[in-house]
Each structure stands twice: as structure tokens, then as C-alpha cells.
1. If we sort 49-58, 337-346 on the protection proxy, mean other Cβ atoms within 10 Å, highest first, what's the order?
2. Which whole-number percent is the relative contact order of the chain (Cα, under 8 Å, 6+ apart)?
3. Quick one: grab the alpha carbon gyration tensor of region 303-382, order the square roots of its eigenvalues as a ≥ b ≥ c, and give me rounded if a/c is under 1.5, else prolate or oblate depending on whether a/b is larger than b/c.
4. Using only Cα atoms, locate the centre of region 115-176 and the centre of region 226-255, then give the distance between them in Å, rounded to an integer.
5. What is the distance in Å between the Cα centroid of region 376-451 and that of region 31-103?
6. Using mean Cβ contacts within 10 Å as the protection proxy, how do 64-77, 362-375, 417-430 order, highest first?
7. For the chain, what is the calculated [θ] at 222 nm in deg cm²/dmol (nearest 500), taking -39500 (n - 2.57) for each run of four or more DSSP H residues and dividing by its residue count?
8. With all distinct Cα pairs included, what does the Kirkwood hydrodynamic radius of the chain come out to in Å, to one decimal, could you say?
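Bear in mind that the values in this text are calculations on the coordinates, not laboratory data. Model, not experiment: these values are computed from the prediction. Methodologically, a virtual Cβ is constructed for each residue, glycine included, from the backbone with ideal geometry; neighbour enumeration extends over all protein chains shown.
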Ligand code: ARG
């Protein structure tokens, strides 16, 4: 098949070069957006009298038929076509003749492809927003069931202060809330039509750019034709948002991996979400979470790809930009599958409150509360801190905890100790009294969850 630009050329493209040049194997994913954009463009051309309404009607009917035929499998993509735009236009012209050749009036593939990616990513953003909301619902249900599940909070992966499982899970809810916000802002900036920028310098035809944007439910039109065709900030930003989501999923995965180990045993994964070993019969491995942790590397790689592709390009369109698609599709696909997998994994994961409580009892995570007890009696905090440190050392030496020390032993360190110290170092009380905004007390976490 001779290509559309064959007028200027005396030879056919080398077949290896054709494969190298062709983006159809991956940009065919945007076929719906390409057709939607072309229908809106044809409506505009006809409304403005740039093409006749008969030609406009023929084009629109032809495009709708192509859409139906792709949907029901009657029309297959020709992998020899240069890209999805050439394929659809070529198919249209084959079907309706000369009218099809008028579709590309006042348009270039440069503004066409920029439009298609924007429309495609808007759809992706909507799908991911729904999944992120689902993830947060799942986390909130788990959290609501565990507002009284005391566990150690860690710094440096050392037991630090008592929190609850609900408080810990709620931290991820906050991260995912920010992801949803970021995605919404990115969507807002992305949903702007570049169509009418044409190749780079706009057009002499009396087009109506705002009309096209409105037909496509977009928020407005780009304001500089060079920028309209050379901008891929929205791709960078979208993969940036994907990357931050992956940071969050990866950190969560890392914690699940730790919590599944016998050293922690805070949770038990459902059998459907864990795998065995080919040699060690006792093993139950958290492969899914390890894969999510690993796949974060892919998405960060996609971000590096697009940043590097864009950084040295002179204005306006350059073919390098064709490399944006595989990166952004891969980032989207990866985040989507990770979310789809982690949601039911969390839903079916069993939390083991007794083990969480046991771990909390062992690490002197109520030492701050012991020091605070003295401070509230008037002892300067630094002095109280030092006394408590000595008490902890004594406990370690004598195999005691702050809960199992006797009052006489306490009194050896300060006359300010009385029996109420046992209430103060009771882990449930320690959690309950941390009731400042954002704190782990069951009341506060419930308040946050309701919000
Ligand atoms: N397949 C191209 C891409 O994905 C479409 C734009 C091509 N424009 C051009 N003048 N070669 O970027």
C-alpha cells in the first residue's frame, strides 16, 4: 500500500524502517479517542462551512461505522500502517472516497496525536480514581475493625510508641487521598484541547477550536500553537502521579511483607493471595506484595524515559515524542494491575490482634509515658527521661517490663511514683490518651475515619 505522503517520494519505505517507524502496534490503543476527535473535528469543519455538510455527514457516518466494526471485530488493525491516525483516515477514505480525503483539512497529526493522548489519559485517570477510592474504602473497613488493636509504632524499625492498627492503616488512607487529589489536578490540566494548533503554526481556515473542545467535554483550548503540539508536560505529570502512587503501594507492600514474617506475624494473607515454595513445604510467600514493590521500579523507569525523551527537544513536534506512549501506557497498566490486585488482598487479609498486642508489650514502647508521668508531677522532662532510661535498663537486666515492675522498685528511682504509674503505662491507656488531632486514640481515629 502506498503511503499518504507518497507524492514527495520516489521509493517505498524500506520494510524494516517501516516497522521501526510505525507506532500502530501500541498507539492502536487510542483508536476510540482518535475517532472521537475526528468526529468532533468533522462536525466543526462542516459547521464552519470549511467542508460541505454532505461531506461532513459522510465522514461522520463513516467514522461511526469504523468504530462499530472495530468494536465487533470486523475491522482489524493493519500493522503496516504508520500509526492509528493514518490507519483510521486511510480506512475512511477506502470506504467513502473523496469525502474522506477532506477530513484532515486544518489539522495535522501533530495536534491530532496530542489530542488523542490527552483524551486517553483523561479516561485512564477516571479509571484509576475509582480504583483508588475502592482502595481507601477497603483500608477504612479494615481500620474500623481495628481501632482498639494495639501495636507498636516504629521509628528506625525499632519499637517506639504504642499505636493501633487502625491508626497505621489510616496513614495510608491519607497518602491515597493525596494521590486522588493529585490525579484530579493532573486531569484538570490535561483536559485541554490542542486541536487547531495544526502542524505548529495554526491555520488560515476559520476553525472553531472552542466548539471542538466542547464536543469532547474538554475544559478549554491550548493558547500557543507551538506549545500545543510540543507539550508533553501532562504525560510527565501523569507518570509522576503514577510514580508517587507506586511509592505508596511499595511502602505498604514492604510492611505487609514484614508483617507476614514469623518475626512479626501481625497479619496472615489469604491463601488466594500468597504462593508456596517449590522446595520448602512450610513456605507461604507474599509474592504479590514483593511484585508490587518491584514493579514500582518499572514505573519510575517510565518517568525517567519521558523526562529524558523531552529534555533536549527543540520546538515543536519531533518524532522522539512518539516514545511517550509506551512509557505512559506501561505506567498506567502497571498501577492499574497493582491496585486491582492489592485491593482484594487487603480485603481478605487477616489481622492478628493478639500478636500485635504481644509485640507492643515487649519493647518498652510506654517508656515515654513513664517519663511523662513524672513530668506531670513537676519533674523536668530531661530528668524524667534519664530516670526512665535507668528503669528500662533495670528491667532489661531483671527480665521485667514497666507493667511488671513493683511499686517498691519504682520508688527506688523517684519518690514521685505511686500506684497510678500502672495506669499510666498500661498500653491501652497510653493509646487512649494520645487523642490530639491525628493521634492514635480510638476516638480520634474513628473521627478521622468518619470524615
Ligand atoms: N505517530 C506519531 C506519534 O505518535 C504521530 C505524529 C506524527 N507526526 C509526524 N509529523 N510525523 O507521535
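1. Averaged packing, sorted descending, gives the order 337-346, 49-58.
2. On the way: 614 pairs, mean separation 71.5, N = 451.
It comes to 16 percent, rounded to a whole number.
3. Working: a/c = 6.92, a/b = 2.14, b/c = 3.23.
The shape class here is oblate.
4. 18
5. First find each Cα centre; the distance between them is then 73 Å.
6. On the way: 64-77: 13.6, 362-375: 20.6, 417-430: 16.8.
Taking the mean over residues of other Cβ atoms within 10 Å, the ranking is 362-375, 417-430, 64-77.
7. Working: 19 runs with 274 residues, N = 451.
The per-residue figure over the chain is -19500 deg cm²/dmol.
8. Values: mean 1/r = 0.0380 Å⁻¹.
Its Kirkwood hydrodynamic radius stands at 26.3 Å.
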